[in-house]
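A.B. asks: My structure is below; once you've seen it, I'll send some questions.
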Amino acid sequence: MKNTAIGTAEITRIEDGFQVVRVKNEGAVNESFKHDIDRSYIQFHFCLKGSVQLAFNEGSYQLPLMEQNSYLLYNPTRDLPVNLQIGAHSWVIVVLVSIKKFHSLFSPDADHVSFLSADNRDKKYYVDGKVSPSMAVALHQLMNYNLNDAIKRLYFKGKAYELLSLYFNTKDDPDVEACPFLVDEKNMAKIKMAKDIIINRMTDPPSLQELATEIALPLKKLKEGFKEVYGDTVYGFLLEHKLEYARQLLDSGQHNVNEVGLKVGYSTGSHFISAFKKKYGTTPKKYIMAG
């Protein structure tokens, strides 16, 4: 364990191919942390507090990780040493699992995790997601444990297994995004930017060509990459988002049907009612009355 005046960094080896890294920066300046691992490891990065920068290619490319967010990284074609710039007053936990160990965790039900399939075995893997409330509890317990050192490894093993179980329980956690397989991290960042743009401008979204130009990605790559990452076309994804957001607005009871339609970008009430009924099997008005 490394202790400094501003915080701690600790690597706990739970078993072969399974490590938990905890880093606390309690100071007012950024701190760096490096840990060499080979390409056989899947990396789960969780930011509990503050912010972290993940550096790649000897620092030439950096990926920001904000509070209550996570990244999953796996690249079987090159080593990705852990290289973190931890912001002031920031906490981060990294779970490192070898692909061999990871397979053993899910077998014989490995089909539940898409990148364990033969088709995906040699692909890069990158997922960004939110830290769910249940995951946050396990993470804080890992970060702030206060138990006898004799049982520490057992405790960490239990909590790390719990954390991975919660992470992959995506059926009940809509905040965890779909599983992307993009050629490189820069393209992934552009695809995510495209998603953010259409959500922020859902009442007046750009055309596909305008969107491609704005994120500096060829139209073909935008279409293919978006479908690969989010499992739908750009406008198919936007329609799903708009209708889900509309349903939440109706649930709030603060807006009538016409107001909700306008808020999600429908110029006429009939178009909104038709789209809502097609997705949910009932009209917005009947949905409100049923609630």
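The values are calculated or read from the model by the stated rules, or taken from the named source; none is laboratory data. Because the structure is predicted, anything quoted here is derived from the model rather than measured. Methodologically, a virtual Cβ is constructed for each residue, glycine included, from the backbone with ideal geometry; neighbour enumeration extends over all protein chains shown. We work out accessible area using only protein heavy atoms, side chains counted, and drop any ligands, DNA or RNA first. Shrake-Rupley method; radii C 1.70, N 1.55, O 1.52, S 1.80 Å.
A.B. asks: Just one of Val23, Val29 is outside any strand (DSSP E or B), at pLDDT 90 or above and not aromatic (Phe, Trp, Tyr); which is it?
C.D. replies: Being outside any strand (DSSP E or B), at pLDDT 90 or above and not aromatic (Phe, Trp, Tyr) holds for just one of Val23, Val29, which is Val29.
A.B. asks: Quick check on my filter: what residues within the range 78-94 are assigned to a loop (DSSP other than H, G, I, E, B) and more than 22 Å from Arg13 (Cα to Cα)?
C.D. replies: Within the range 78-94, Arg78, Gly87, Ala88, His89 qualify.
A.B. asks: Right, here's the next one. Name the helices (runs of 4 or more DSSP H) wholly inside the range 183-291 in which the number of residues that are in contact (Cβ under 8 Å) with a residue 40 or more places away in the chain and under 26 Å from the mean Cα position of the chain (by Cα) is 3 or more.
C.D. replies: Correct list: 185-200, 219-230, 234-252.
A.B. asks: With respect to the numbered conditions (1) over 25 Å from Ala136 (Cβ atoms); (2) not in a loop (DSSP other than H, G, I, E, B), which one is the sole condition not fulfilled by Lys101?
C.D. replies: Tallying (1) over 25 Å from Ala136 (Cβ atoms); (2) not in a loop (DSSP other than H, G, I, E, B), Lys101 fails exactly one: (1).
A.B. asks: If you don't mind, there's one more thing I want to ask. Out of the residues in the range 55-77 that are outside any strand (DSSP E or B) and within 22 Å of Ile11 (Cβ to Cβ), which is least open to solvent (accessible area, probe 1.4 Å)?
C.D. replies: Out of the qualifying residues, it is Asn75.
A.B. asks: Looking only at the range 273-282, how many residues end up being out of contact with any Ser or Thr (no Cβ under 8 Å at 6 or more places or on another chain) and farther than 18 Å from Ile198 by Cβ?
C.D. replies: 5
A.B. asks: Taking the conditions exactly as written (at pLDDT 95 or above and open to solvent by less than 10 Å² (accessible area, probe 1.4 Å)), does Phe102 satisfy them or not?
C.D. replies: On the way: at pLDDT 95 or above: no; open to solvent by less than 10 Å² (accessible area, probe 1.4 Å): yes.
So Phe102 does not fit the description; no.
A.B. asks: Pairs, please: C-beta under 6 Å, at least 6 apart or cross-chain, first residue within 18 Å of Arg78 (Cβ to Cβ) and in the range 27-48, second polar (S, T, N, Q)?
C.D. replies: That search, which allows pairs on different chains as well, returns Lys34/Asn83; Ser40/Ser98; Tyr41/Ser98.
A.B. asks: Residues that are of a type outside the set (A, V, I, L, M, F, W, C), open to solvent by less than 60 Å² (accessible area, probe 1.4 Å) and in contact with a Gly (Cβ under 7 Å, 6 or more places away or on another chain): does the range 237-245 have at least one?
C.D. replies: Checked the range 237-245: at least one residue is of a type outside the set (A, V, I, L, M, F, W, C), open to solvent by less than 60 Å² (accessible area, probe 1.4 Å) and in contact with a Gly (Cβ under 7 Å, 6 or more places away or on another chain).
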